[in-house]
Amino acid sequence: MFETAVAVAFVNVSDREKGRAFYRDTLGLTLEAEDEYGEFYTFGAARLRLTPIPGHKSHDHPVAGWQVPDIAATAAALKARGVALTIYPGMGQDELGIWSTPDGVAKVAWFHDPDGNCLSLNQAG
């Protein structure tokens, strides 16, 4: 049923301009389309719908993420663009904020947009 469908991640922000500056300019996503209600960005093989909602409050769980081939290189590139990767006390992450599974095969890192929406990076084994 969904074999040819394009997945869409929905991210709500309180300020459209701040959201645009982060997703387009800081993360480098391509603005694909926009309307009075929000914007669509190219999100790998999917799309990301950025929707401004006045007073939006984020949650602790990730709302979107990327599976990347080299998480350390991606984390370093984000850091160079001014993105702070989140280090959670007691998780045993490295200096970039990357957590490895106990077997060392998979790796995950987290960071937040200006609204506090949690985003993630993942490197599969």
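The values are calculated or read from the model by the stated rules, or taken from the named source; none is laboratory data. Quick caveat: nothing in here was measured; it's all calculated off a predicted structure. Don't worry about glycine lacking a Cβ; one is built from the backbone with ideal geometry, like all the others, and counts go over all protein chains shown.
Of the residues making up region 87-125, those that are closer than 21 Å to His59 by Cα, over 11 Å from the mean Cα position of the chain (by Cα) and hydrophobic (A, V, I, L, M, F, W, C) number 5. Does Gly97 count as within 16 Å of Thr26 (Cβ to Cβ), out of contact with any Pro (no Cβ under 9 Å at 6 or more places or on another chain), at pLDDT 95 or above and not aromatic (Phe, Trp, Tyr)? Against the criterion (within 16 Å of Thr26 (Cβ to Cβ), out of contact with any Pro (no Cβ under 9 Å at 6 or more places or on another chain), at pLDDT 95 or above and not aromatic (Phe, Trp, Tyr)), Gly97 does not qualify.
Of the residues Ile87, Ile71, the single one that is surrounded by 15 or more Cβ atoms within 10 Å (Cβ to Cβ) and in contact with a Gly (Cβ under 6 Å, 6 or more places away or on another chain) is Ile87.
What number of residues within region 28-41 are closer than 27 Å to Ala76 by Cβ and touching a helix residue (DSSP H, G or I) at 6+ places or on another chain (Cβ under 8 Å)? Within region 28-41, residues that are closer than 27 Å to Ala76 by Cβ and touching a helix residue (DSSP H, G or I) at 6+ places or on another chain (Cβ under 8 Å) number 4. Within region 77-90, the set of residues being out of contact with any strand residue (DSSP E or B) (no Cβ under 7 Å at 6 or more places or on another chain) and either over 11 Å from Ala109 (Cα atoms) or of a type in the set (Ser, Thr, Tyr) (or both) comprises Ala77, Ala80, Arg81, Gly82, Tyr88, Pro89, Gly90. Considering Arg81, Arg16, Arg49, Arg20, the condition of being among the charged types (D, E, K, R), touching a helix residue (DSSP H, G or I) at 6+ places or on another chain (Cβ under 6 Å) and either at pLDDT 95 or above or closer than 24 Å to Ala124 by Cα (or both) is satisfied by Arg81 alone. Does region 90-125 hold any residues that are surrounded by fewer than 16 Cβ atoms within 10 Å (Cβ to Cβ), among the hydrophobic types (A, V, I, L, M, F, W, C) and in contact (Cβ under 8 Å) with a residue 40 or more places away in the chain, and which are they? Result: Ala124, single match.
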